[in-house]
Amino acid sequence: MRQVDVAVVGSGPAGHVAAIQMVRLGLSVVLIGPAHSGKDGRTTALLGSSVSYLERLGLWDGIKSKGQALRVMRLIDDTGRLLRAPTTEFDSSEIGLEAFGYNIDNNSLVSALHEGLDAVDRDLLVEDQQFARSVALGDDYASIEMEDSSIWQAKLAIAADGRNSLVKEAAGVEMRRWSYPQSALVVNLHHPSSSHNNTSTEFHTPTGPFTLVPYRDSHTSSLVCVVTPETAQELKAMDKQALAMELERRAQSIYGAFELLTEPQVFPLAGMVAKGFHGQRAALIAESAHVFPPIGAQGLNLSLRDIEALTDAIVSKGEADPGSEQVLSSYGRSRISDIWSRTAGVHMLNMSLLSSLPFGQGARTAGLALAKMVPSLRRFMMKAGLASPSRIGSVGDAANQDV
Ligand SMILES: Cc1cc2nc3c(=O)[nH]c(=O)nc-3n(C[C@H](O)[C@H](O)[C@H](O)COP(=O)(O)OP(=O)(O)OC[C@H]3O[C@@H](n4cnc5c(N)ncnc54)[C@H](O)[C@@H]3O)c2cc1C
């Protein structure tokens, strides 16, 4: 049996950042989970406050060098409905920023974070690259049994083990779950004849957004195409040439012809929020606490704020016992409004596209038309999208962030 202050269960992006953050607090940490497979075709847009946070942790330079800046966000109404919004562009220079953030492929992100492990005090950090088999949460310790039957004992277990989290199950925390009649087809594309000019373009279609985000260089983009589950499977089954042409058609040929760089992957869309964000000796972060559709690039950005909030709770309530009830209930309370407001925002945006009800369509159309016409509203919307919740409304905060 080996003992540490904190066991981070799950070695995805959120687990890596949580482990590095806990070591920075001077706590001894084990990061539990298999080595990254390198097979994740997704990319992640890291925005505003996430960039500042990763900078403070000394992780940003390694990530930035592998990402592409997002300077302009363009929204195009492709619903074909009677009430249509005008094409609206949000330009980061309008709020004094060089970029809203950076898009980076998940494989590069995890490898950059993995390199970040070497920059922290390795006396305080160990990796155990296997799955946890079971978790038991007691009054004084969390016990984690590994696949090889060895056991870790920790004052705090951080659940970064994704949507089917073992730690969450051991904590007995229930989830509110819902599903959407949609799947996301994800694929990375080369468009040799045009540059994306660091613009992310989102077509709003009646089945969901079709979003092209700058990828590795000026002539590659990552695509998240939200359609019905049947259409996603049909697209995935097409031969590469036919799929490239179909995606070009859906993108209205804005970048000319596409070539596929990766195998398409399909992710069913679902929503999930935990009914509480902690249990005895356990803190739920990232997808163990909240899952929502890949719309508006919120998932991992929200997860980083979980880690910041847990850090604040530990620092303010006592580092001697990072898993005390005082620390954990303070953490749980602090996450309710941010998690629910982002979940509701993403849900409403998605439903405003799907809904055949004029009210939802009208609200989205009017909002975008107003944003196009009124620069101050546009600037407010940009800052609200970037800032952490406590900063929304405080003019200048987002602009002061060194993105
Ligand atoms: C199509 C798509 C696009 C997205 N785009 C964005 C975006 O642009 N911006 C954004 O912020 N978010 C985005 N997201 C969300 C983002 O990808 C997720 O929030 C993020 O990947 C979750 O990271 P994580 O570390 O919580 O979970 P995961 O990446 O799922 O990691 C969980 C880890 O836990 C490990 N694990 C599981 N069980 C165990 C166990 N028993 N023992 C040990 N380890 C275990 C797994 O091996 C894995 O490494 C997107 C999501 C999708 C589906």
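The values are calculated or read from the model by the stated rules, or taken from the named source; none is laboratory data. The shown structure was predicted, so the numbers you read here are calculated from the model rather than taken from an experiment. Cβ coordinates were reconstructed from backbone atoms using ideal geometry, including for glycine residues, and neighbour counts include every protein chain displayed. Side chains are part of the model used for accessible areas, which takes the heavy atoms of the whole protein and leaves out ligands, DNA and RNA. Shrake-Rupley method; radii C 1.70, N 1.55, O 1.52, S 1.80 Å.
Results for (1) in contact with an Asp or Glu (Cβ under 8 Å, 6 or more places away or on another chain); (2) closer than 20 Å to THR201 by Cα, shown as yes or no for each residue.
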| position | (1), (2) |
| --- | --- |
| LEU235 | yes, no |
| ALA251 | no, yes |
| LYS275 | yes, no |
| ALA286 | yes, no |
| VAL291 | no, no |
| PRO294 | no, yes |
| ASN301 | no, yes |
| ARG305 | yes, no |
| LEU310 | no, no |
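Is the stretch 216-231 home to any residue that is assigned to a helix (DSSP H, G or I) and buried (at least 22 other Cβ atoms within 10 Å of the Cβ)? No, the stretch 216-231 contains no residue that is assigned to a helix (DSSP H, G or I) and buried (at least 22 other Cβ atoms within 10 Å of the Cβ). Please indicate, with yes or no, whether at least one residue in the stretch 302-322 is over 15 Å from ALA18 (Cβ atoms) and assigned to a helix (DSSP H, G or I). Looking for residues that are over 15 Å from ALA18 (Cβ atoms) and assigned to a helix (DSSP H, G or I), one finds at least one in the stretch 302-322, hence yes.
For residues that are assigned to a loop (DSSP other than H, G, I, E, B) and more than 16 Å from the ligand (Cβ to nearest atom), scanning just the stretch 84-109, find the one that is nearest to THR365 (Cα to Cα).
Per the criteria, the residue is ALA85.
Close contacts from the stretch 165-177, counting a first residue that is open to solvent by less than 30 Å² (accessible area, probe 1.4 Å) and a second that is in a helix (DSSP H, G or I), with Cβ to Cβ under 6 Å and a gap of 6+ residues or different chains, come to SER165/SER288; LYS168/SER288. Residue check: is ARG81 more than 11 Å from the ligand (Cβ to nearest atom) and not assigned by TED's automatic domain parsing to the domain that holds ASP312? For ARG81, the condition - more than 11 Å from the ligand (Cβ to nearest atom) and not assigned by TED's automatic domain parsing to the domain that holds ASP312 - is met.
Being under 17 Å from ASP140 (Cα atoms) and acidic (Asp, Glu) is a condition met by at least one residue of the stretch 320-333. Comparison of SER37, SER65 shows that the only residue that is polar (S, T, N, Q), surrounded by fewer than 24 Cβ atoms within 10 Å (Cβ to Cβ) and more than 9 Å from the ligand (Cβ to nearest atom) is SER65.
Of all residues in the stretch 184-212, those that are open to solvent by less than 20 Å² (accessible area, probe 1.4 Å), within 12 Å of the ligand (Cβ to nearest atom) and not hydroxyl-bearing (Ser, Thr, Tyr) total 7. If the condition is being farther than 26 Å from ARG42 by Cα and either in a strand (DSSP E or B) or under 14 Å from the mean Cα position of the chain (by Cα) (or both), then the stretch 268-282 contributes HIS278, GLY279, ALA282. Candidates are the residues of the stretch 262-294 that are under 21 Å from THR228 (Cβ atoms) and touching a Ser or Thr at 6+ places or on another chain (Cβ under 8 Å); the one that is modelled with the highest pLDDT is VAL266. Contact map, the stretch 280-301: residues that are open to solvent by 20 Å² or more (accessible area, probe 1.4 Å) paired with residues that are part of a loop (DSSP other than H, G, I, E, B), Cβ distance under 6 Å, separation 6+ or inter-chain. Pairs shown: ARG281/GLY323; GLU287/GLY162; GLU287/ARG163.
Filtering SER221, SER288, SER303 for residues that are of a type in the set (S, T, N, Q), more than 10 Å from the ligand (Cβ to nearest atom), closer than 24 Å to PRO13 by Cβ and within 20 Å of the chain's Cα centre (by Cα) leaves a single hit, SER221. Tell me, which residue of the stretch 259-278 that is touching a helix residue (DSSP H, G or I) at 6+ places or on another chain (Cβ under 6 Å) and buried (at least 23 other Cβ atoms within 10 Å of the Cβ) is farthest from ASN197 (Cα to Cα)? Ranking the candidates gives HIS278 first. Scanning the stretch 1-34 for residues that are of a type outside the set (A, V, I, L, M, F, W, C) and either within 16 Å of GLU115 (Cα to Cα) or within 11 Å of the ligand (Cβ to nearest atom) (or both) gives GLY10, SER11, GLY12, PRO13, GLY15, HIS16, GLN21, ARG24, GLY33, PRO34.
On the basis of being open to solvent by 30 Å² or more (accessible area, probe 1.4 Å) and over 21 Å from VAL126 (Cα atoms), does PRO86 make the cut? Here the answer is yes, as PRO86 does meet what is asked. Of all the numbered requirements in (1) free of Cβ contacts under 8 Å to residues at least 40 places away in the same chain; (2) open to solvent by 50 Å² or more (accessible area, probe 1.4 Å), GLU248 misses one, and that requirement is (2).
Residue-wise test of (1) without any contact (Cβ under 8 Å) to a residue 60 or more places away in the chain; (2) closer than 25 Å to LEU189 by Cβ; (3) open to solvent by 10 Å² or more (accessible area, probe 1.4 Å); (4) among the polar types (S, T, N, Q).
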position	(1), (2), (3), (4)
ASP5	no, no, yes, no
VAL8	no, no, no, no
VAL17	no, no, no, no
LEU31	no, no, no, no
THR43	no, yes, yes, yes
GLY48	no, no, no, no
SER52	no, no, yes, yes
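In the list SER150, SER92, SER134, which residue meets the criterion of being free of Cβ contacts under 8 Å to residues at least 40 places away in the same chain and among the hydroxyl-bearing types (Ser, Thr, Tyr)?
SER134
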